[in-house]
Amino acid sequence: MGSIFTSDTEFRSLMDQVFTLMSEDPDMGPRLRAANVPQRFAFEDLGLVVNVRPGYEWESENLVWEWTDDVDWEPRVWMTMTSEIANRYFQGKENIAMAIARRRISTSGDVKAALALIPITKPVFALYRRVLQAGHEHLLA
Amino acid sequence: MTEPPAISLAEAARRAGIKPATLRRWVDSGVVPRPQDGRWTPASVSYARVVARLRKRGHTLDQLRDASAQGRLAFGYIEDLLPTAHSDYTLEQAAKETGLEPALIERIYSTIGFNSQALRQISDDDLQFLRYCAAGLAAGFPLVAFLQMSRVYGQALAQIADAEVRLFHLYVHEPLMRDGVPGLEMAEEMEGLARELLPLASPLMDHVHRRFLQHFVEQDVIGHLETDAMGEPLDLGRLRVAIAFADLAGYTRLTEEEGEEEAVSAVERFVENVEYTLPEDARVIKTIGDEVMVVGGDPAALTDWAVGFQMLMTERPLPRIGVHYGETLYRDGDYYGREVNLAARVAARSAGGEVIVTRPVVEQSGSHLEFDLIGEVRLKGFKEPTELFLARLADDD
């Protein structure tokens with residue numbers, strides 16, 4: 001499969017932690033919710049898709065995500081990358097503009113809206129690295 | 001916070017540099033707010049001093065009364081939080097104390113941007129500042145570099161101080177004025193806020209400076225390695241860099257159609273987006289209106305950024321970007337020379353959504369990009385034509 005992750009399960013578990021970190025962070029969570037940019041991430045090497053949206057008014061979570069395309073909302077932004085690039089991206093090691101030019105990430109939809117999320121999500125880089133340092137050192141970029 | 005000791009009218013007048021009778025008259029005529037319970041406070045004394053200063057500058061009492069009623073004189077209190085410059089040393093004494101030649105002290109002052117009056121008011125703090133300068137030079141930092149650094153410090157810190165005062169004025173003073181808060185109350189409120197904020201400025205700046213210093217030291221190490229690898233030494237003070245100019249196509253039209261506020265917001269979003277997405281070794285050197293000048297060490301990375309950035313910018317006004325790679329003169333924290341001018345001209349030839357580059361950029365760039373030759377173009381101000389290329393993602397095969 002060529003992924004740097006030991007299994008699909010490891011990848012999904014870590015991405016779940018990334019979204020949880022963003023959702024539960026007192027700064028990032030409310031700002032991401034307010035930004036209201038549902039995103040669809042496709043990890044082509046693993047054949048996985050995750051759809052992320054802001055929590056609805058009646059939901060306590062700032063972010064809600066499902067590992068399927070069978071969701072009842074439409075993403076505003078589509079991003080496709082490999083699991084390795086996703087791992088680098090969430091560590092702040094993949095510059096989005098350069099990654100697009102180097103065909104490591106492809107985007108479509110309301111890309112401008114996605115751009116507005118960059119400064120909001122920056123704190124997750126350090127948090128994700130901390131997660132990796134606790135048992136997933138092979139993934140540190 | 002302990003209450004400041006009460007000050008008599010005579011003492012207040014003395015501190016303001018006027019006669020007690022004058023101060024009493026100003027209070028009676030409403031030029032200076034009447035102190036509560038007749039107790040003069042440092043804030044109310046400052047108010048009187050501001051009025052005294054404006055009187056000396058020729059403002060009439062009527063003008064001052066109006067300004068006072070509108071709360072426009074209240075800002076003057078804050079200067080009391082800053083140490084007053086005493087003339088403790090002459091230039092010659094300062095030179096003797098620090099070991100710096102008087103002419104060099106004059107040059108340092110002028111380079112930093114202090115006015116000529118500052119040389120006649122050299123205080124203990126100024127002397128300490130000059131000792132630091134002397135220590136820097138004694139440590140072996142070349143004078144030519146030291147003076148450039150002084151100019152950068154002066155310009156950057158003047159901009160910071162100016163922004164601090166303007167932002168305080170716009171977001172604290174003006175709202176208080178709009179709310180009709182009485183002059184003295186407004187002054188005391190602002191003084192309280194400024195008293196809490198001022199001590200935070202130096203540690204904040206020190207931290208930010210250290211963080212940036214760490215970043216640029218790392219970049220310098222990388223730059224050295226890569227320059228050494230290229231084996232082409234440059235003259236002293238010259239750097240080979242990638243230069244990008246980017247602006248918003250149709251900005252003038254946008255301003256006309258949407259108004260200044262919307263146009264300025266568009267520029268702010270554009271500059272922020274540039275800053276958020278730049279490669280690690282590149283940074284915004286300056287912005288001029290809607291134009292941004294970016295410099296980086298790696299032409300391939302900067303071109304990748306430019307092409308990727310255009311793909312992220314999908315709505316009007318679209319950016320126009322030009323990238324060039326060449327030898328520049330590094331002076332006072334900025335980049336100068338023919339190649340910088342050329343880069344600006346290249347950007348001016350691009351249309352919204354385009355990235356136009358020169359041959360040196362093409363030669364350094366990766367195979368994931370394609371470069372369509374536009375042709376040899378005579379750019380404004382250049383005798384020789386320049387080969388220009390349109391950069392884009394390589395077609396999928």
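Every number here is computed from the coordinates shown, using simple stated rules; none is lab data. Everything quoted here is computed from the prediction, not taken from an experiment. Reconstructed Cβ throughout: ideal geometry from the backbone, glycine too, with neighbour counts over all protein chains shown.
Would you list which lysines come within 17 Å of B:LYS383, measuring only between C-alpha atoms, while excluding same-chain residues fewer than 8 positions from it?
none
Just tell me the longest site-free run in chain B, where the sites are trypsin sites (Lys or Arg not before Pro) in a DSSP loop having at most 11 other beta-carbon atoms within 10 Å.
Longest stretch, sites excluded: B:58-377.
Can you return the lysines within cross-link range of A:LYS93? Criterion is Cα-Cα under 18 Å, with same-chain partners fewer than 8 residues away left out.
Within the straight-line cut-off, A:LYS93 pairs with A:LYS122.
Sort B:HIS59, B:HIS324, B:HIS173 so that the residue with the fewest other Cβ atoms within 10 Å of its own Cβ comes first and the one with the most comes last.
B:HIS59, B:HIS173, B:HIS324
Ignoring the sites themselves, what is the longest stretch of chain A with no GluC sites (Glu not before Pro) in a DSSP loop and at most 12 other beta-carbon atoms within 10 Å?
Details: sites that count: A:GLU57, A:GLU59.
No qualifying site falls inside A:60-141, the longest such stretch.
Please list, or write none, the aspartates and glutamates whose alpha carbon is within less than 20 Å of the alpha carbon of B:LYS96, excluding same-chain residues fewer than 8 places away.
List returned: B:ASP88, B:GLU106, B:ASP124, B:ASP125, B:ASP126.
So how many Å³ per residue does the convex hull of the Cα atoms of segment B:57-179 work out to?
124 Å³
So for segment B:227-348, what are the equivalent ellipsoid semi-axes in whole Å, largest first, each being the square root of 5 times an eigenvalue of the Cα gyration tensor?
Each semi-axis is the square root of five times an eigenvalue, giving 29, 15, 11 Å.
Over the alpha carbons of chain B, what is the largest minus smallest coordinate on each principal axis, giving the biggest first in Å?
87, 58, 41
Once the Cβ-Cβ distance between A:SER60 and B:SER367 is put in as r, and R0 is 41 Å, what FRET efficiency do you end up with, to the nearest 0.05?
0.25
If r is the Cβ-Cβ distance from B:GLU174 to B:TYR153 and R0 is 25 Å, what FRET efficiency results, to the nearest 0.05?
According to the calculation, E is roughly 0.25.
In debye, nearest 20, what is the charge dipole magnitude of chain B about its Cα centre with +1 on Lys and Arg Cβ and -1 on Asp and Glu Cβ, if you could check?
2380 debye
Can you check what the Kirkwood hydrodynamic radius comes to for segment B:9-69, Cα pairs only, in Å to one decimal? Mind dumping the intermediate values first?
On the way: mean 1/r = 0.0890 Å⁻¹.
Taking the inverse mean of 1/r over all distinct Cα pairs, segment B:9-69 comes out at 11.2 Å.
For B:ARG107 and B:LEU200 in the same chain, what is the full-extension length gain: residue separation times 0.36 nm, less their Cα-Cα distance, in nm?
30.4 nm
Take chain A, mark every one of the trypsin sites (Lys or Arg not before Pro) that falls in a DSSP loop and has at most 16 other Cβ within 10 Å, then report the longest stretch left between them, sites excluded. Could you put the intermediate results ahead of the total?
Numbers: sites that count: A:LYS93, A:ARG103.
The answer is A:1-92.
Using a Förster distance of 25 angstrom, determine the FRET efficiency expected from the C-beta separation of B:ALA139 and B:TYR336, and round it to 0.05. List each step's numbers first, then the result.
Working: r = 28 Å, r/R0 = 1.10.
Computed FRET efficiency for B:ALA139 and B:TYR336: 0.35.
Report, please, the projected area of the protein assembly as shown averaged over directions, based on the convex hull of its C-alpha atoms, in nm².
The Cα convex hull of the protein assembly as shown, projected and averaged over all directions, gives 34.6 nm².
Picking from B:VAL241, B:GLY337, B:THR277, whose Cα lies most toward the positive end of the charge dipole for segment B:234-393 (charges on Cβ: Lys, Arg +1; Asp, Glu -1)?
So the residue we want is B:GLY337.
Arrange the following residues from fewest to most other Cβ atoms within 10 Å of their Cβ: A:TRP78, A:TRP58.
Going from sparsest to densest Cβ surroundings: A:TRP58, A:TRP78.
Taking H as built 1.01 Å from N, whose amide H comes closer than 5 Å to the amide H of B:ASP88, not counting residues under 5 places away?
B:ILE122, B:SER123, B:ASP124
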